[in-house]
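Everything on this sheet refers to the single structure shown next.
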Amino acid sequence: MKKNIMVVDDSALMRRALCDIINTDDSLNVVDTASDGLEAYEKIKANKYDAIVLDINMPRMNGLELLRKLHKEKIDVVVIVASTLTKAGSKETFEALSLGAVDFVTKPENIIEARGQQFSYNLTDVLKAVLRIDGRKTEPQQVTKEEPKPADKPKPSRPITITPVTKKPILTAAEVKKDIEAGIPKVSTVKPGNKLIALACSTGGPKSLQEVIPLLPKGMNAPMVLVQHMPPGFTKSMAERLDEISEVEVKEAEEGDVLKAGHVYVAPGGKHLQVIRKPTGDHVVHLDDSPPIGGLKPCADIMYSSLKDSAYEEIVCVVLTGMGADGTKGITDLNSSKKIFTISQDEVTSVVYGMPRAIRIAGLSNVVVPLQEVASTIIMNVGVR
């Protein structure tokens, strides 16, 4: 049975383009449209939709105002925000995520690009992912200057080969919860700089990160490097938003940043993040401008593989919601030379159970926990200063 979708956008041409794209997929069907948030609100109250594709800047009632109203009235609906690549658009996007939107797609600023294959693939893949429909085409591609023109056919994702590893014993959520309730030591026995946290996520990640990073204490006894699949222009706004609501310091990573405990470094959209060990013993960020891997830039596999040469005694790998298997190859590679402890999100709380599922199937998960227990599980493994 097809999923029923409503498209909300003040541009009649953009509404038509979005409807045409969605209706080309056999599992999706646009059953309604609205030109602003007020019209959408009235229709949502009267009808049931599986998902809504929502513009932000609209007359009468904009997308943020609609989300606030739905949140206040406890009206549950799956919302995908269609946002432009502008700075203002990225800030509004993350406000929308904090108000309940599940994920977002980057909307082209002109109708020609909106009708291109690249945007079509991205929109339908994200919709099918959050609605848990099988048969998605590929991981959504990141739009960068190096990407093909809209008229070109997107390159398929590079197949990932997973080397078999000895499966790790997995703690259940109940066992982890029992340990958490037993209390976390206020003084860590881990030496400063001895551990590093490396987190990866994709579809559903921006919203999920707002339920993890703010729960980390200021005295977290390890730095964190973070890859969220996202195009240029959005990662800075995401980092700023997370920094505002968190005790730890969060920033978009810059070339040469020295990794410090209690700090989170977000890979910039359009750059791969690597961790390099300096002769002084410091570990610093290196931003790599090599081509996308499987359409992804940043790519988590590159981040994890770069940690093989680090001096950290243990890497705490965290894999949250997302399509595909990015991170699995890199963690497998890392596992061959470093001590690692891997935390993967469970299926129930994942918006898309792709990346964490791949980690578990590869036998790399030490614990599988719900999203609400990810932060506590991280701190149990790195301690607090």
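The values are calculated or read from the model by the stated rules, or taken from the named source; none is laboratory data. Bear in mind that the values here come from a model prediction, so they are computed numbers and not experimental data. A quick note on method: Cβ atoms are made from the backbone with ideal geometry, for glycine too, and the neighbour counts reach across all protein chains shown.
Would you check which residues across the range 78-129 are of a type in the set (Phe, Trp, Tyr) and out of contact with any strand residue (DSSP E or B) (no Cβ under 7 Å at 6 or more places or on another chain) and list them?
Phe94, Phe119, Tyr121
With respect to Val248, is the statement that it is touching a strand residue (DSSP E or B) at 6+ places or on another chain (Cβ under 6 Å) and under 22 Å from Ile331 (Cα atoms) true?
No; evaluated as a whole, the condition is false for this residue.
Name every residue in the range 229-283 that is among the polar types (S, T, N, Q) and in contact (Cβ under 8 Å) with a residue 60 or more places away in the chain, in order of residue number.
Result: Ser237, single match.
Residues checked against (1) part of a strand (DSSP E or B); (2) touching a Cys at 6+ places or on another chain (Cβ under 9 Å):
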{"site": "Asp333", "(1), (2)": "no, no"}
{"site": "Ile343", "(1), (2)": "yes, yes"}
{"site": "Ser350", "(1), (2)": "no, no"}
{"site": "Ile359", "(1), (2)": "no, yes"}
{"site": "Ile378", "(1), (2)": "no, no"}
{"site": "Asn381", "(1), (2)": "no, no"}
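Arg68 is checked against (1) assigned to a loop (DSSP other than H, G, I, E, B); (2) without any contact (Cβ under 8 Å) to a residue 40 or more places away in the chain; (3) not hydroxyl-bearing (Ser, Thr, Tyr) and fails just one. What number does that condition carry?
With (1) assigned to a loop (DSSP other than H, G, I, E, B); (2) without any contact (Cβ under 8 Å) to a residue 40 or more places away in the chain; (3) not hydroxyl-bearing (Ser, Thr, Tyr) applied to Arg68, the lone miss is (1).
Inspect the range 296-314 for any residue being modelled with pLDDT of 95 or more, among the β-branched types (Val, Ile, Thr) and closer than 23 Å to Gly383 by Cβ and give the result as yes or no.
No, that holds for no residue.
Which of the following residues is at pLDDT 50 or above, within 13 Å of the chain's Cα centre (by Cα) and more than 19 Å from Leu371 (Cα to Cα): Thr235, Thr203?
Thr235
Answer with yes or no whether Ile361 is aliphatic (A, V, I, L, M), in the same structural domain as Lys260 (by TED's automatic domain parsing) and crowded, with 21+ Cβ neighbours inside 10 Å.
Considered against the rule, which asks whether it is aliphatic (A, V, I, L, M), in the same structural domain as Lys260 (by TED's automatic domain parsing) and crowded, with 21+ Cβ neighbours inside 10 Å, Ile361 comes out as no.
Suppose we filter the range 34-64 for residues that are over 24 Å from the mean Cα position of the chain (by Cα) and either of a type outside the set (Ser, Thr, Tyr) or closer than 12 Å to Ser11 by Cα (or both); how many remain?
So the count comes out to 19.
Return the residues of the range 93-120 that are of a type in the set (S, T, N, Q) and touching a residue at least 40 places away in the same chain (Cβ under 8 Å); say none if nothing qualifies.
Across the range 93-120, the qualifying residues are Thr93, Ser98, Thr106, Ser120.
Within the range 229-245, count every residue that is in contact with a strand residue (DSSP E or B) (Cβ under 6 Å, 6 or more places away or on another chain) and aliphatic (A, V, I, L, M).
Residues in the range 229-245 being in contact with a strand residue (DSSP E or B) (Cβ under 6 Å, 6 or more places away or on another chain) and aliphatic (A, V, I, L, M): 2 in total.
Name, by its number, the condition in (1) out of contact with any Lys or Arg (no Cβ under 8 Å at 6 or more places or on another chain); (2) surrounded by 21 or more Cβ atoms within 10 Å (Cβ to Cβ) that does not hold for Ala17.
Going through the list (1) out of contact with any Lys or Arg (no Cβ under 8 Å at 6 or more places or on another chain); (2) surrounded by 21 or more Cβ atoms within 10 Å (Cβ to Cβ), Ala17 breaks only (1).
Quick grid of which residues meet (1) crowded, with 17+ Cβ neighbours inside 10 Å; (2) in a strand (DSSP E or B); (3) in contact with a helix residue (DSSP H, G or I) (Cβ under 7 Å, 6 or more places away or on another chain):
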| position | (1), (2), (3) |
| --- | --- |
| Ile5 | yes, yes, yes |
| Ile21 | yes, no, yes |
| Asn29 | no, yes, yes |
| Thr33 | yes, yes, yes |
| Tyr41 | yes, no, yes |
| Tyr49 | yes, no, no |
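Out of all the residues in the range 329-353, which are surrounded by fewer than 24 Cβ atoms within 10 Å (Cβ to Cβ), touching a strand residue (DSSP E or B) at 6+ places or on another chain (Cβ under 6 Å), touching a residue at least 24 places away in the same chain (Cβ under 8 Å) and not hydrophobic (A, V, I, L, M, F, W, C)?
Selection gives Lys338, Lys339, Asp346.
Residues are listed down the side, and each one gets a yes or a no for (1) among the acidic types (Asp, Glu); (2) more than 12 Å from His229 (Cβ to Cβ):
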{"position": "Glu255", "(1), (2)": "yes, yes"}
{"position": "Val258", "(1), (2)": "no, yes"}
{"position": "Val264", "(1), (2)": "no, yes"}
{"position": "Gln274", "(1), (2)": "no, yes"}
{"position": "Asp282", "(1), (2)": "yes, yes"}
{"position": "Gly294", "(1), (2)": "no, no"}
{"position": "Lys297", "(1), (2)": "no, no"}
{"position": "Ala300", "(1), (2)": "no, no"}
{"position": "Ser306", "(1), (2)": "no, yes"}
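Looking at (1) modelled with pLDDT under 85; (2) part of a strand (DSSP E or B); (3) of a type outside the set (Ser, Thr, Tyr), which is the only condition Gln141 fails?
Result: Gln141 fails condition (2) only.
I'm told Asp326 meets every condition in (1) part of a helix (DSSP H, G or I); (2) among the charged types (D, E, K, R); (3) crowded, with 24+ Cβ neighbours inside 10 Å except one. Can you identify the failing condition by its number?
(1)
Looking only at the range 299-323, which residues are of a type outside the set (A, V, I, L, M, F, W, C) and under 18 Å from Val368 (Cα atoms)?
Thr321, Gly322
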